[in-house]
Every structure is written in C-alpha cells, then in structure tokens.
Amino acid sequence: SVGSVGSVGLVQRRAASGVNQRRQLADSYSPVFSDVLSRIFKRERADVMRQAGKQSVTADPLIRWIEDYYQEHPAFSARTILPALESYADAVGRTTEAEIDQAWNGLTDETRAFLGEYSEAFGLRAAISSRMRLAATIRTAAAEEQDIAEALGTEFDGWQEARVPADTNHEVVQSANAITKAIYVLAGVQILKWEANPTACPICQEMDGRVVGITSSFVSAGQSVGPDEGPLTVEREFGHPPLHDGCVCGISPG
C-alpha cells in the first residue's frame, strides 16, 4: 500500500539521517580523541625513555621492563579516554532518537558500565600495540648495533606524526559504532544493517546493506569480503564497522 511504502521511506530516511549525523560527529570529535591519544603516548614516551636512558639498561632487560610496564599502563589509558568517550556517547545517543523512536535522556547506569568496559578494552588494545612496536624497535636496534634510546626516540616521533592520526581515525569510527550498537541493544533493536558511506571502497560497497541479528557478526573469522581481485580476509569477527583501516562505515536498525 501507499502508506506502507511511505513508512518504509520514513524509516530509511531516519536511518540515513542518524548515520550521517554520526559521521559529522566523528569529524568534530577527532581533535578530542587526537588530544587524548597524544597525552597517552607522551606519558609512555616519558616513562620508557627514562628507563632507556639508564646506562646499565640493555636490550633484553629493557624489553622485560616494557612488558611489565604495559601490564599496568592500560589503566591509565582507560582513565584518560573515558571522559571523551562519555561526551561522545552522549552526542551519539542523540543521533539515535529518530532511529529507535525513543528520546535520549543522557547516559544511564547501563551505558556508563558499557563505556567503562570499552575504555578498559581500549587500554588493552593500545598497550598491546605499543608493547609490540617498542619491542620490535629495541630488537632491531640491538641487532644493528644502534643506540637503543635513539631508536626509541625516533619510534616515538613517528607515533606523534603518524600513529596519533591513524589511531584517531580508527577510534572515532570504532567507538561510535560500538556505542550505537550498545544503545540499540538497550532499546530492543533486533536487526543491524551495515551502512557504507557514499565513497566507500569496493570491500565496504559489498558490505553495504548487509543485515544480521544484533547478537551476530557481519563477518566471521577467516571470511573473505570484497572483489575477487582484491578481497579482504578477516582474522576475527566483526559485529560492527570499521572493517579495515580507513573504513568509515556505520550501522542502523535493520
């Protein structure tokens, strides 16, 4: 009927509006997350370089020290990013009102609990990446008989120049989709739809419009997605975007 067609169109427009609003939010919150990541990495640099500057420190003991350090550091990272996540979540929540037909009344105990868990997971992810990067730098410097402290300084320089922008771009998409999905779950949404951006790569174009149950994954570990001449094979399950570096896809209720 005409009424049902109109209703479908309204739902689609609401979904598109929510996704577009979240893309704009990602752009506006990028400086916030960039500042957070810069502060986290500056703290790491100060701590690691202080240890690396000790005259008695050699490669293997320094790597062991770094492994111990990154057992404790995730808690600092989690505390540092949590206020940004809470602000972002409140803004993201407002974009979902039309999609789920529910007014957004701010963060609840449930959403705050989710953000606490997410911040802890972020701290662990960031620590693993840092630990692996620094251990590799130390091993390479030792093998090539370079000054370890100097090599670490160069590595940290690269973090500010390249890692901060890359991790920022990833985190604004990753966290927005994770927060959106958490809000959908609390609202009783049952189906998720993958929403590719208008200029999406061929891989994300193939994902566009794919629907799954909200407790299911869009892509499973070992699955290949994209064109035959250049597919992406994923190593883990993806319950929401981003699927790869540079992916800015979103989700909507299916």
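Structural remarks
- Solvent-accessible surface (1.4 angstrom probe) belonging to residue 154, in square angstrom, nearest 10: 90 Å²
- Zero-based 10 Å bins, Cα pair distances in the chain, whole percents: 7, 27, 29, 21, 11, 4, 1, 0, 0
- Summed side-chain charge close to residue 157 - residues other than residue 157 whose Cβ falls under 14 Å, Lys, Arg +1, Asp, Glu -1: 0
- Span from the region 212-254 Cα centroid across to the region 92-133 one, whole angstrom: 19 Å
- Accessible surface, per residue, of the chain when the full set of protein chains is kept, probe 1.4 Å, Å²: 51 Å²
- Label point at residue 129 placed 7 Å out along Cα→Cβ; residues across region 159-180 whose backbone nitrogen lies under 13 Å: 159-175
- Cα-centred dipole magnitude for region 153-254, charges only on beta-carbon of K, R (+1) and D, E (-1), debye, nearest 20: 560 debye
- The chain, accessible surface, carbon-and-sulfur percent (1.4 angstrom probe): 50 percent
- Here the dipole of region 183-237 is about 260 debye; that uses its Cα centre as origin and unit charges on the Cβ of Lys and Arg (positive) and Asp and Glu (negative).
The values are calculated or read from the model by the stated rules, or taken from the named source; none is laboratory data. Everything numeric here is computed off the predicted structure, so don't read it as measured data. No Cβ is skipped: glycine too gets one built from the backbone with ideal geometry, and neighbour counts run over all protein chains shown. Just so you know, the surface numbers come from the protein's heavy atoms only, side chains and all, with ligands and any DNA or RNA stripped out. Shrake-Rupley method; radii C 1.70, N 1.55, O 1.52, S 1.80 Å.
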